[in-house]
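Everything below concerns the one structure shown next.
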Amino acid sequence: MAEFPSTARVVIIGGGVVGTSTLYHLAKAGWTDCVLLEKNELTAGSTWHAAGNVPNFAGSWAVMNMQRYSAAMYRTLGEDVDYPMNYHVTGSIRLAHSKERMQEFERVAGMGRYQGLEMTLCAPEELKDYHPFLETHDLEGGMWDPLDGDIDPAQLTQAMAKGARDAGGRIERFCPIEGLERDGDEWIVKTAKGEIRCEYVVNCAGYYAQRVGEMFRPFGGRRVPMVVMSHQYFLTEEIPELAAWTKETGRKVPLLRDVDTSYYLRQDKNGLNLGPYERNCKAHWVTPEDPMPQDFSFQLYPDDLERLEWYIEDAMARVPLLGTAGVGRNINGPIPYAPDGLPMVGPMPGVKNAFEGHSFTFGIAQGGGAGKVLSEWIMHGETEDDMWAVDPRRYTDYADHDYCLAKALETYGHEYAMHFPHHEWPAGRDKKLSPVDARVRELGGQMGSYNGWERANWFAAEGDDTSEESTQTWDRNGPWHARIRDEVEAVRDAVGVLDLPGFSRFNLTGAGVAEYLRGKIAGALPKPGRMTLGYFPDSRGRILTEMSIMRHGEDHFTLITAATAEWHDFDVLNKGLPEGLSLTNHTTEFSTLIVTGPKARDLFQGLDTQADLAATWLSIQTATVAGIDCFLARVSFAGELGWEIHAANADIPALYDAVLGAGAKPFGMYALNSMRLEKGYRAWKGDLSTDYSMLEGGLERFVKLDKPQDFPGKAALQNEKQQGVKKRFVTLLVEAGDADAPYMSCLWHDDEVVGETTSGGWGHRINASIALGMVRADLAEPGTALEVEIYGRRCKAIVQEDQPLWDPANERLRA
Ligand SMILES: Cc1cc2nc3c(=O)[nH]c(=O)nc-3n(C[C@H](O)[C@H](O)[C@H](O)COP(=O)(O)OP(=O)(O)OC[C@H]3O[C@@H](n4cnc5c(N)ncnc54)[C@H](O)[C@@H]3O)c2cc1C
């Protein structure tokens with residue numbers, strides 16, 4: 001037997017599907033010096049059985065990409081590694097009980113089509129062609145996915161383990177990791193069998209990930225934001241009628257998901273397997289009285305069928321065959337939930353050379369793709385596809401235990417819920433409040449959560465319907481619509497104020513800091529007293545992030561970025577930070593008011609502002625407004641004359657009151673979104689992502705290929721410039737009907753999918769529906785007629801000139 005390894009390049013903690021897949025991908029890519037440590041047998045987390053490849057309806061390419069990759073990988077894996085396994089492609093159907101659900105299916109089918117998956121929508125009577133035992137009289141319809149199926153997780157794990165070992169990867173079973181140390185840039189992984197020195201460590205410990213995460217705390221790690229839920233399914237005894245049908249047809253009935261009722265039902269041998277995501281769900285190991293056991297492998301929770309009763313009855317009415325059989329066996333197992341139910345795949349927040357791949361609720365369906373993504377992170381520090389939706393840095397310090405628990409219960413109980421564009425989920429709110437939160441709510445603020453910060457989305461008037469039910473629509477119209485218009489019109493004609501807590505805010509100082517930043521961004525730096533948008537490309541010239549760069553002095557910068565980008569962008573600035581430079585995070589100390597509209601200057605004058613109000617667009621200055629010290633930045637994401645007031649939290653209430661008192665109308669995030677669309681300003685991780693290069697994104701004016709400094713992606717961008725881009729950013733005016741184009745809608749031309757939207761909405765100043773998107777470069781010419789697929793309807797869309805739709809010459813904001 002080979003000696004226990006004392007060194008390795010990568011140590012993976014946990015040999016479930018995800019850890020094994022990561023080792024498999026690393027070894028296949030030639031990183032053979034990698035070791036997987038599993039405290040048990042390899043398939044510890046696989047006491048249950050099943051997999052599906054259906055897209056995640058939270059609407060993220062990242063998850064769809066992982067699932068699509070997994071499904072394709074599993075189809076040939078047995079042959080690739082010479083380990084035969086059971087992978088049944090049964091197809092699946094999803095049922096719709098409402099018009100809105102059918103619209104959602106239309107959208108998902110469109111997203112699938114974009115990725116080469118053929119999902120089709122069915123009328124109720126057609127569903128029986130796929131599933132003869134189904135009652136369909138009360139349904140709106142359904143969706144058929146021919147490629148869905150199920151797989152044996154134990155076999156899957158063993159197959160990947162064999163493939164990994166054959167390619168040179170190393171697996172140590174019955175080898176729990178017990179602790180970590182650091183020696184310079186090396187990790188020392190401690191196990192009962194000995195220590196391993198390595199460069200990278202990956203936490204793939206499944207539902208134990210929080211416990212393993214604690215070992216990283218001394219090195220900058222945070223408490224892993226997850227909760228362990230109990231998920232149950234039961235298996236019936238053999239059903240003779242089903243057995244006869246399977247014998248006759250030679251196939252299994254497709255996997256059925258009644259997403260409105262909230263369960264899946266699939267054939268297991270000649271019986272059925274029913275698994276609900278019940279509203280009255282249960283978390284485990286969340287109180288001191290109920291600690292997580294040292295080891296729960298191969299164990300299950302006690303049966304708790306009572307919780308499922310309602311779902312069982314509903315399923316029996318849907319598939320009466322289910323009621324003809326007795327319950328064979330119940331499985332009640334631990335399933336990890338991050339607050340949004342999406343996994344954590346990527347760099348470990350705060351810890352150098354450490355990664356995470358855990359909290360999978362659909363780890364069997366996503367494991368193949370997750371291993372690919374993790375191996376890319378480890379080997380290249382970046383991924384083929386933009387993976388922000390599953391990036392662990394999307395949760396920052398507000399995601400404490402109470403938040404995680406509240407969100408896990410909400411997410412599990414609404415696992416298949418629709419995510420409507422004007423709906424805000426109610427659990428886990430009020431984690432971070434603006435200094436004027438109470439005042440904003442008093443004014444009618446309907447709040448939304450942004451990296452835990454509560455901001456007003458819109459302001460309701462007396463008598464407006466602000467119920468959750470009113471938001472259960474894909475349509476643009478709702479109680480908010482007229483109010484948003486009023487808010488936008490106030491900004492267009494007079495002056496508005498938006499309270500904007502939670503802008504991520506970093507100070508970067510020290511001798512040589514300008515040169516450091518020039519080596520990070522594609523463009524030029526502003527002069528002292530000015531600001532600019534800085535774009536940070538990755539090594540392939542893709543859009544890693546965008547920050548507002550304010551320069552106070554030669555060696556003194558403040559960088560401001562989206563609330564959700566806080567930990568991501570801190571990493572971007574911190575990576576390779578030379579000794580002697582100082583990077584500090586001031587997000588929670590200061591806040592921002594956006595004061596904008598043609599009367600903004602008058603307003604400031606009326607408040608006895610001590611500042612140069614004639615200073616030009618993109619100037620910055622210290623000032624006093626209404627006698628209060630603050631900082632003014634002449635910029636407006638709304639595209640009107642305006643200033644951002646940046647001030648210490650304690651000074652914000654008086655400033656807000658002064659600005660309101662001087663006649664500014666409060667406006668919310670929805671109005672801001674409408675106005676930024678009209679200006680073609682890009683939004684973080686919608687329009688700006690690593691799925692696109694800077695040149696594709698139409699950001700050439702922020703790229704200075706002739707500057708002397710090298711920066712990430714410079715060579716790639718030079719090359720792309722010579723070769724020409726394949727895709728191009730476009731602004732579209734859309735004949736949209738009742739709903740605007742959501743993110744990730746297909747763009748069509750001549751019956752061919754030629755691109756996708758990156759965001760969309762209604763422009764209240766131009767009275768039209770707008771979509772921003774990426775299209776095949778030859779179709780980006782202004783005037784080109786395309787179609788946008790909006791919830792299944794193909795709507796005419798015309799490519800616009802490459803300039804803002806509102807105030808194309810930018811005269812208003814420079815006034
Ligand atoms: C009843 C039920 C049904 C499910 N059905 C489906 C389904 O149909 N489709 C689907 O995709 N998913 C399903 N899931 C979810 C799926 O099982 C998980 O998402 C998946 O198993 C997670 O895999 P993993 O590799 O992340 O974690 P795990 O399989 O939990 O693996 C983590 C490993 O880490 C090891 N470990 C922990 N601590 C240490 C340590 N200190 N040192 C060394 N090793 C350690 C553990 O022993 C374990 O083997 C279901 C879950 C349940 C409970």
## Note on the structure
Expressed in nanometres to one decimal, the distance between label points 7 Å along Cα→Cβ at Glu468 and Asp750 is 4.9 nm
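Taking a probe of 1.4 Å, how large is the accessible area per residue of the range 753-815, in Å²? Write out the running numbers ahead of the final one.
Working: 2520 Å² over 63 residues.
Here the per-residue accessible area is 40 Å².
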### Residues whose placed amide H lies under 5 Å from that of Gly639, excluding near-sequence neighbours
none
### Query
Among the lysines, which fall within straight-line cross-link reach of Lys726, defined as a Cα-Cα distance under 22 Å, with same-chain neighbours fewer than 8 residues apart omitted?
Lys685, Lys704, Lys714
### Task
Using 0.36 nm per residue of separation minus the Cα-Cα distance, give me the extension gain between Glu313 and Arg441 in nm, one decimal.
41.8 nm
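Out of all DSSP beta bridges with both ends in the chain, state the antiparallel percent to the nearest 5. Kindly include the intermediate steps, with their values, before the conclusion.
Working: 132 of 155 bridges.
Of those bridges, close to 85 percent are antiparallel.
So for the chain, averaging the separation of alpha carbon pairs under 8 Å that are six or more residues apart and normalising by length, what relative contact order in percent results? Write down the numbers at each step before the final one.
Values: 1894 pairs, mean separation 91.3, N = 815.
This gives 11 percent for the chain.
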#### Entry: Hz values of 3J(HN,Hα) by residue in the range 427-438 - Karplus curve (6.51, -1.76, 1.60), Gly and Pro given as x
6, x, 9, 6, 6, 9, 10, 5, x, 10, 3, 4
### Query
Averaged over all directions, how much area does the convex hull of the C-alpha atoms of the range 524-679 cover when projected, in nm²?
10.2 nm²
### Task
Over all alpha-carbon pairs of the range 423-484, lay out the pair-distance distribution in 10 Å bins, whole %, shortest bin first.
21, 52, 26, 1
#### Entry: Per-selection metrics, the range 131-194 (Cα): Rg and Dmax in Å
23.1, 67
### Query
Taking θ as phi - 60°, what are the ³J(HN,Hα) couplings along the range 489-501 by the Karplus curve (6.51, -1.76, 1.60), each to the nearest whole Hz, with x for Gly and Pro?
5, 5, 5, 5, 9, 9, 7, x, 9, 10, 7, 10, x
#### Entry: 15 Å reach of a label modelled at Asp304, 7 Å along Cα-to-Cβ, counting backbone N of the range 218-249
227-234
### Query
What percentage of the solvent-accessible surface of the range 537-636, computed with a 1.4 Å probe over protein heavy atoms, is contributed by carbon and sulfur atoms?
51 percent
### Message
In Å and on Cα atoms, what radius of gyration and Dmax does the range 515-599 show?
### Response
13.7, 46
### Task
Taking each pair of different alpha-carbon atoms in the range 596-722 once, compute 1/r for the pair, average those values, and report the inverse of that mean as the Kirkwood hydrodynamic radius in Å to one decimal.
17.2 Å
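Just the ratio, please: alpha-carbon radius of gyration of the range 634-692 over 2.2 N^0.38 Å, N its number of residues.
Numbers: Rg = 14.4 Å, N = 59, 2.2 N^0.38 = 10.4 Å.
Cα Rg divided by the expected 2.2 N^0.38 Å: 1.39.
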### Message
How tilted is helix 363-380 with respect to the longest principal axis of the chain? Cα atoms for both, answer in degrees (0 to 90, nearest 10).
### Response
50 degrees
### Among Ala71, Gly760, Phe590 the positive-end extreme of the charge dipole of the chain (Cβ point charges)
Phe590
## Note on the structure
One finds the C-alpha centres of the range 550-622 and the range 191-262 to be spaced, in Å, by 44 Å
### Task
Mind listing the long-range amide H neighbours of Gly328? Cut-off is under 5 Å, sequence gap 5 or more, other chains count too, H placed in the peptide plane at 1.01 Å from N.
Leu235, Thr236, Glu237
### Task
Quote the convex hull volume per residue of the range 667-811, based on C-alpha atoms, as a whole number of Å³.
130 Å³
### Message
Under the rule of at least 5 residues apart or a separate chain, name every residue whose amide H is placed under 5 Å from the amide H of Gly763.
### Response
Ala768, Ser769, Ile770
### Summary
Most packed first (mean Cβ within 10 Å per residue), the peptides 486-498, 172-184 order as 486-498, 172-184
### Message
Suppose the chain between Ala427 and Thr76 were pulled fully straight at 0.36 nm per residue; how much longer would it get relative to their current alpha carbon spacing?
### Response
122.2 nm
### Query
Using 0.36 nm per residue, how much length does the chain from Asn574 to Asp608 gain when fully extended, once their Cα-Cα distance is taken away?
8.3 nm
### Task
Using θ = phi - 60° and the Karplus relation 6.51 cos²θ - 1.76 cosθ + 1.60, list the HN-Hα couplings for the range 446-452 in order, rounded to whole Hz, with x at every Gly or Pro.
9, 8, x, 9, 10, 6, x
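Among Lys432/Lys796; Lys28/Lys190; Lys679/Lys796; Lys99/Lys665, which pairs are too far apart, with a Cα-Cα distance over 31 Å? Spell out each step's value before the answer.
On the way: Lys432/Lys796 42 Å; Lys28/Lys190 26 Å; Lys679/Lys796 21 Å; Lys99/Lys665 37 Å.
Beyond 31 Å: Lys432/Lys796; Lys99/Lys665.
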## Note on the structure
Taking only Cα atoms of the range 369-510, the Rg to Rh ratio with Kirkwood Rh works out at 1.03
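Which order do the peptides 509-515, 630-636 take when ranked by the mean count of other beta-carbon atoms within 10 Å per residue, highest first? Walk me through the intermediate numbers first.
Numbers: 509-515: 15.0, 630-636: 23.1.
By packing density, highest mean first, the sequence is 630-636, 509-515.
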### Query
Just the C-alpha atoms of the chain: what Rg/Rh do they give, with Rh taken as the Kirkwood radius?
0.97
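The values are calculated or read from the model by the stated rules, or taken from the named source; none is laboratory data. The shown structure was predicted, so the numbers you read here are calculated from the model rather than taken from an experiment. Every residue, glycine among them, receives a Cβ derived from its backbone with ideal geometry; neighbour counts consider all protein chains shown. These area figures cover heavy atoms from the full protein model, side chains too; ligands, DNA and RNA do not enter into them. Shrake-Rupley method; radii C 1.70, N 1.55, O 1.52, S 1.80 Å.
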